[in-house]
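Notes follow the structure.
The values are calculated or read from the model by the stated rules, or taken from the named source; none is laboratory data. Given the structure is predicted, the values throughout are model-derived calculations rather than measurements. All Cβ positions, glycine included, derive from the backbone under ideal geometry; neighbour counts span all protein chains shown.
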Amino acid sequence: MMPQPSPPIVEFHDVTVAYGGRPVLWNVDLAIEQACLFGVIGPNGAGKSTLLKAALGLVPVVGGYVRFFGTSLSRVRGRVGYVPQRETVDWDFPVNVMDVVLMGTYGRLGWLARPGRRERALALECLDRVGLADVATRQIGRLSGGQQQRVFLARALAQQADVYLFDEPLAGVDARSQERIFGVLAALRDAGRLVIVVHHDLRMAVAWFDRVALLDMRLVAAGPTQEVLTPEHLRRAYAGRVELLDELGRAVAERGRTA
Amino acid sequence: MTASFAGVPCLAVAFPATGLAYNTLVVLVAVATVGCAGGVVGTLALLRKRPLLGDAAAHATLVGAAAIVLLTGRRDLPTLLTGAAASSFAALCLLALIRRCTRTRDDAATAILIGVSFGAGVSVVTWMMARGLPGSGTIEQLLLGHAAAVTARDATLLAAVALATVLVVAATLKETVAVAFDAAFAAAGGWPVGLIDNAVTALVVLMVVVGLPTAGGVLVSALLVIPPVAARQWTERVGPLLVLAGLVGLASAVLGVLASIAWPGLPTGPAVVLSAALICLVSILGAPGRGLVARRWRERELVRRWAAGRLTEEGLALERGLHEPWGLAAGPSITVPESRRP
């Protein structure tokens, strides 16, 4: 008897996604086998967010499939956490920080059950991890952009998932919040979670992610960061944007020296 | 059967001193329960950013009420309201379909639906009148509302439906608020967003239909929008918002009924809507925190303090800390940037 190899945590198989008859992602084949900080990198309109949404079943796929832990998402919802882009919600909504973080526990609670003392304790702990415990009762509109993003992060932590999908968690976020958010992501990785992050900034990608997927409507390359972010791959993904490439070449070389 | 209507006579006995006639009391109970539940359900629609849902539902009731009179020949209120609810829900399902399947903007689709369904309703009623068919007069009463025609039996029915609606809202609040705040997150977590949206739609239809006999098809949707907007000025939490919206709806109903008694020419439905508008106006102007006056005053205060050289970030941050427990402190206009905090 051969021992069964454990299935990849996330597997995209030949995924093609279209909006209104126009494909925005072509034949993406990608398997992530182990817990790590995984960056999804690419130019604007490369389909990075769409990749996450396809994985979560939020947009219909034309063809192909996505599996989590070797099975369909509907069977392992509780193990998959999601952090949408910050601009997708109305921050004038009449809820406070604690209310939003508690929403992370709803999946576990199921229909009609209300969050109780245990959920509140968990939510407060999650807020503490992102450094927002002192604003738990504040209306969410009265936070800075970075704080709002950290509220979303705390809500995801309250989901207590094994895989996290982050859509641009560092966009429009001040330096201090960026550091804090990245610290929490790294801690999740160290605790054995898979953290998938859509990110637009190549320089940070080099410094932060263990592995990356380079995307430009098709998967250009995927694997360990330094093997993927080569001048040739980048030229294919960012055709014509040379000044950016030079900058990146320097960043990669720097990391090579320090590593 | 009579036992279930006992509540209204009991009230009449309990308040002989108010000097209100029994009929007035019946109207008051009907309008007040509708106003209260309307405010609660309207809050859900407003939180979901679909304030016109009630308007669309209301305009689509006419065609259903007319159709059911034509089909069954019956003209009693429950029959009329059943027909109204059916066409109204069908119209909103159509709206959901348009939203999902076409690239028409949501508000444009709603506007189209309001016009078309109302046009269809008016056509059917006019055709009935031209033919001299019975029932068109009763249907026209639904259009403008005729609170005085509400019987004790009707009032009990309306109150029961309104109460049941409020209970359903309270029981499913967690789900509806999660979808209203962040539908993508809820969907990713496995919640059936479409189903929950349809449930809210059904509640809106129910409230509109229940409100028809008193406020009428044209005005009932206002009772779903104005109270929540008024209530929103006073609170930053969903729970208090629902309670306040219900109370504003209730207060508007009582004020409206009393006003229509005081000025016999004033019909009840419009009086209720105008009372709600008055409360809304007072709230938008005078509420602490979000209110126009309070915000202007804070801005002026900042200018004064700047001129006096007493405007410091540390001072503002400290004040905000002091005011935090009441949640009514300054808005985002004087948020201290995080990077510059000590």
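Each row is one residue, and each column tells you yes or no for (1) outside the structural domain of B:V177 (by TED's automatic domain parsing); (2) surrounded by fewer than 24 Cβ atoms within 10 Å (Cβ to Cβ); (3) modelled with pLDDT of 90 or more; (4) over 30 Å from B:W127 (Cβ atoms).
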| residue | (1), (2), (3), (4) |
| --- | --- |
| B:A12 | no, yes, no, yes |
| B:F15 | no, yes, no, yes |
| B:G38 | no, no, yes, yes |
| B:G54 | no, no, yes, no |
| B:I68 | no, yes, yes, no |
| B:T82 | no, yes, yes, no |
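Conditions (1) modelled with pLDDT of 75 or more; (2) surrounded by 13 or more Cβ atoms within 10 Å (Cβ to Cβ); (3) more than 12 Å from chain A (Cβ to nearest Cβ); (4) under 16 Å from B:A230 (Cα atoms), marked per residue:
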position	(1), (2), (3), (4)
B:L278	yes, yes, yes, yes
B:I284	yes, yes, yes, yes
B:V303	yes, no, yes, no
B:E319	no, yes, yes, no
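Given (1) more than 10 Å from chain B (Cβ to nearest Cβ); (2) surrounded by fewer than 18 Cβ atoms within 10 Å (Cβ to Cβ); (3) at pLDDT 90 or above, where does A:D90 come up short, assuming only one miss?
Unmet condition: (1).
With (1) touching a residue at least 12 places away in the same chain (Cβ under 8 Å); (2) among the acidic types (D, E); (3) within 14 Å of another protein chain (Cβ to nearest Cβ) as the list, and A:E179 as the residue in question, which single condition is left unmet?
Of the numbered conditions (1) touching a residue at least 12 places away in the same chain (Cβ under 8 Å); (2) among the acidic types (D, E); (3) within 14 Å of another protein chain (Cβ to nearest Cβ), the odd one out for A:E179 is (1).
Taking A:A187 as the residue in question, decide whether it is hydrophobic (A, V, I, L, M, F, W, C) and surrounded by fewer than 15 Cβ atoms within 10 Å (Cβ to Cβ). It would help to see each step written out before you state the result.
On the way: hydrophobic (A, V, I, L, M, F, W, C): yes; surrounded by fewer than 15 Cβ atoms within 10 Å (Cβ to Cβ): yes.
Here the answer is yes, as A:A187 does meet what is asked.
Scan region B:179-199 and give yes if some residue there is of a type outside the set (A, V, I, L, M, F, W, C), away from every other protein chain (no Cβ under 14 Å) and under 29 Å from B:V26 (Cα atoms), otherwise no.
no
Hey, does region A:64-80 have a residue that's facing chain B (nearest Cβ under 8 Å), at pLDDT 90 or above and over 16 Å from the mean Cα position of the chain (by Cα)?
no
In region A:95-145, what residues are in a loop (DSSP other than H, G, I, E, B) and either closer than 20 Å to B:E175 by Cβ or more than 9 Å from chain B (Cβ to nearest Cβ) (or both)? Steps first, answer last, please.
First, the residues of region A:95-145 that are in a loop (DSSP other than H, G, I, E, B): A:95, A:110-116, A:130-132, A:136-138, A:143-144.
Correct list: A:V95, A:G110, A:W111, A:L112, A:A113, A:R114, A:P115, A:G116, A:V130, A:G131, A:L132, A:A136.
Which one of the conditions (1) in contact (Cβ under 8 Å) with a residue 60 or more places away in the chain; (2) surrounded by fewer than 24 Cβ atoms within 10 Å (Cβ to Cβ); (3) facing chain B (nearest Cβ under 9 Å) does A:E168 fail to meet, given that it meets all the rest?
(3)
Conditions (1) more than 21 Å from B:A170 (Cα to Cα); (2) in contact (Cβ under 8 Å) with a residue 60 or more places away in the chain, marked per residue:
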{"position": "B:V27", "(1), (2)": "yes, yes"}
{"position": "B:T33", "(1), (2)": "no, yes"}
{"position": "B:C36", "(1), (2)": "no, yes"}
{"position": "B:V40", "(1), (2)": "no, yes"}
{"position": "B:A45", "(1), (2)": "no, yes"}
{"position": "B:P51", "(1), (2)": "no, yes"}
{"position": "B:A57", "(1), (2)": "yes, yes"}
{"position": "B:T61", "(1), (2)": "yes, yes"}
{"position": "B:G64", "(1), (2)": "yes, no"}
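Does B:V166 count as among the hydrophobic types (A, V, I, L, M, F, W, C) and away from chain A (no Cβ under 14 Å)?
Details: among the hydrophobic types (A, V, I, L, M, F, W, C): yes; away from chain A (no Cβ under 14 Å): yes.
Spelling it out, B:V166 is indeed among the hydrophobic types (A, V, I, L, M, F, W, C) and away from chain A (no Cβ under 14 Å).
Being surrounded by fewer than 18 Cβ atoms within 10 Å (Cβ to Cβ) and more than 16 Å from B:A215 (Cα to Cα) is the filter here, so list the residues in region B:244-263 that pass it.
Once the filter is applied, which keeps residues that are surrounded by fewer than 18 Cβ atoms within 10 Å (Cβ to Cβ) and more than 16 Å from B:A215 (Cα to Cα), region B:244-263 yields B:A262, B:W263.
Taking region A:146-166, which residues are in contact with a strand residue (DSSP E or B) (Cβ under 7 Å, 6 or more places away or on another chain) and assigned to a helix (DSSP H, G or I)?
Once the filter is applied, which keeps residues that are in contact with a strand residue (DSSP E or B) (Cβ under 7 Å, 6 or more places away or on another chain) and assigned to a helix (DSSP H, G or I), region A:146-166 yields A:F152, A:L153, A:A156.
If I filter region B:227-246 for residues that are out of contact with any Pro (no Cβ under 9 Å at 6 or more places or on another chain), of a type in the set (A, V, I, L, M) and away from chain A (no Cβ under 14 Å), do I get at least one hit?
Among the residues of region B:227-246, not one is out of contact with any Pro (no Cβ under 9 Å at 6 or more places or on another chain), of a type in the set (A, V, I, L, M) and away from chain A (no Cβ under 14 Å), which makes the answer no.
Within region B:216-236, take every residue that is out of contact with any Gly (no Cβ under 7 Å at 6 or more places or on another chain) and assigned to a loop (DSSP other than H, G, I, E, B) and give me the one that is surrounded by the most Cβ atoms within 10 Å (Cβ to Cβ).
B:G217
Quick one: which of B:A164, B:A159 is surrounded by 18 or more Cβ atoms within 10 Å (Cβ to Cβ) and among the aliphatic types (A, V, I, L, M)? I'd like the intermediate steps shown before the answer.
Working: B:A164 fails: surrounded by 18 or more Cβ atoms within 10 Å (Cβ to Cβ).
Selected residue: B:A159, the only one of B:A164, B:A159 that is surrounded by 18 or more Cβ atoms within 10 Å (Cβ to Cβ) and among the aliphatic types (A, V, I, L, M).
Filter region A:146-165 down to the residues that are buried (at least 21 other Cβ atoms within 10 Å of the Cβ) and away from every other protein chain (no Cβ under 12 Å), then identify the one that is nearest to A:D201 (Cα to Cα).
If we take residues in region A:146-165 being buried (at least 21 other Cβ atoms within 10 Å of the Cβ) and away from every other protein chain (no Cβ under 12 Å), then A:L153 is nearest to A:D201 (Cα to Cα).
To keep it simple, each residue is scored yes or no on (1) at pLDDT 90 or above; (2) among the β-branched types (V, I, T).
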site: A:P169; (1), (2): no, no
site: A:A187; (1), (2): yes, no
site: A:L194; (1), (2): yes, no
site: A:R218; (1), (2): no, no
site: A:T225; (1), (2): no, yes
site: A:R235; (1), (2): no, no
site: A:D246; (1), (2): no, no
site: A:R255; (1), (2): no, no
